[in-house]
Amino acid sequence: MLGVTESRLTGITGNPWNPAMTAGGSSGGAAAATAAGIAPLAWGSDGGGSIRVPASCCGVVGLKASPGRIPRGGGDEPFDTVSTVGPLTRTVADAALLLSVTAGPDPREPLALPPMQRDEVEGALTEPTMRGLRVGYSPDLGWGPVARDVAASVRAAAQFFEAGLGARVGTVEISLPDPIQYFLDFWAPGFTLGVGNLAALPGWDPQQLHPMILELAEVGRRSPASEYLRTAQQTRARIARGFAAVFEHHDLLLTPTTPTTAFPHNPEGGLSVIDGTTVPRWPGLYFHRLTEPPSHAALPAVTVCCGFTADGLPVGLQIIGPPRADTAVLAAAAAYQAATDWHARHPPLGGVPAEHGGSEPNDL
């Protein structure tokens, strides 16, 4: 439920590039295992960024497919249009492969999308081109701050889409509600429900939970049903309209995936200060600030590595597409990956950078 991967049962998952840093979350184990070469493919779930955030932290590919694209198994939320499941991989081609064999309708899910056309995914990745496409670029989705080193790498990637890939790139303005307030209003009642379910189990001990989960559950307990309904309908509609205005004139939208790179393990689950600017409350939620909005607009998005900071941590580039344009975001990511080599870099064995006494990067 948080943007870090920590458990009293199994401990803290370290980032393969530097184990003192977070692997992100909630699918941080999947991202770390993929980045470290433990597994070639992994699976995650993403409502506000739980695939894309750890993928960005660990320098791998994370795809949030369109809602209804990949069946979730006909569980208790058949009408959910926010959370999806999907792949974390080292390459865009592998993410496309996993999508191609998992996508499809499920009769237990009323909002499932129709089957993808035969060879649709493969066709999108065959000599993908961005030439002539209209690509928007937003450095922060209208809400800052974003760390300087992250902003610089993503800005360079956006420029490369034009200079290196032939797209027509322009900076866009987008109007979205406060993402932190939206997170609290939309998700906090779910934390209340989740904690309530746990409290009904034998041997329940609230101290087993991360303090922020208990705090969010209390926020939800105080939230009236009318406020949740207003958020889920009216505020969410504002998010959809904000992105729709961008996609009236653009085929894709580029943003940072996270406002900072992976941060040191800490009780807050995020950074309270970014480049001297204080994060406006809830550092653990702020880390998902750029991945949350497209989820609630029911948009597909993918993150790919677009560079490394001076201390050797990967930076994620988020590519967002209009509704149901899964193959378009994959094609854009594939074109960028084919023309760059960021994805070919792998963490050093042992997780300690060579310049700090570790081994040389591996070739897994």
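Run T91 past the list (1) over 21 Å from V304 (Cα atoms); (2) in contact with a helix residue (DSSP H, G or I) (Cβ under 9 Å, 6 or more places away or on another chain) and report the number of the one that doesn't hold.
The number of the failed condition is (1).
So which residues in the range 245-256 are assigned to a helix (DSSP H, G or I) and closer than 24 Å to G316 by Cβ?
Residues satisfying the conditions are V246, F247.
For the range 104-200, which fully contained helices (runs of 4 or more DSSP H) count at least 1 residues that are farther than 23 Å from G86 by Cα, in contact (Cβ under 8 Å) with a residue 40 or more places away in the chain and out of contact with any Ser or Thr (no Cβ under 9 Å at 6 or more places or on another chain)?
148-163, 179-199
Please determine, by comparing only the residues of the range 263-302 that are within 16 Å of R148 (Cβ to Cβ) and assigned to a loop (DSSP other than H, G, I, E, B), which one is farthest from the chain's Cα centre (by Cα).
Among residues in the range 263-302 that are within 16 Å of R148 (Cβ to Cβ) and assigned to a loop (DSSP other than H, G, I, E, B), the one farthest from the chain's Cα centre (by Cα) is G276.
Answer yes or no as to whether D341 is out of contact with any Lys or Arg (no Cβ under 8 Å at 6 or more places or on another chain), at pLDDT 95 or above, among the acidic types (D, E) and farther than 30 Å from P115 by Cα.
Yes, satisfied.
Give me the pairs, please: first residue somewhere in the range 262-289 and touching a residue at least 24 places away in the same chain (Cβ under 8 Å) and among the basic types (K, R), second residue anywhere and buried (at least 20 other Cβ atoms within 10 Å of the Cβ) and part of a loop (DSSP other than H, G, I, E, B), beta-carbon distance under 7 Å, and either six or more positions apart or on two chains.
Close Cβ pairs satisfying both conditions: R289/P259.
Hey, does the range 209-217 have a residue that's in contact with a strand residue (DSSP E or B) (Cβ under 8 Å, 6 or more places away or on another chain) and outside any helix (DSSP H, G or I)?
Scanning the range 209-217, I find at least one residue that is in contact with a strand residue (DSSP E or B) (Cβ under 8 Å, 6 or more places away or on another chain) and outside any helix (DSSP H, G or I), so the answer is yes.
The values are calculated or read from the model by the stated rules, or taken from the named source; none is laboratory data. Only a predicted model underlies this, so the values are computations on that prediction, with no experimental measurement involved. Using ideal geometry, Cβ is built from the backbone for each residue, glycine included, and neighbour counts are taken over all protein chains shown.
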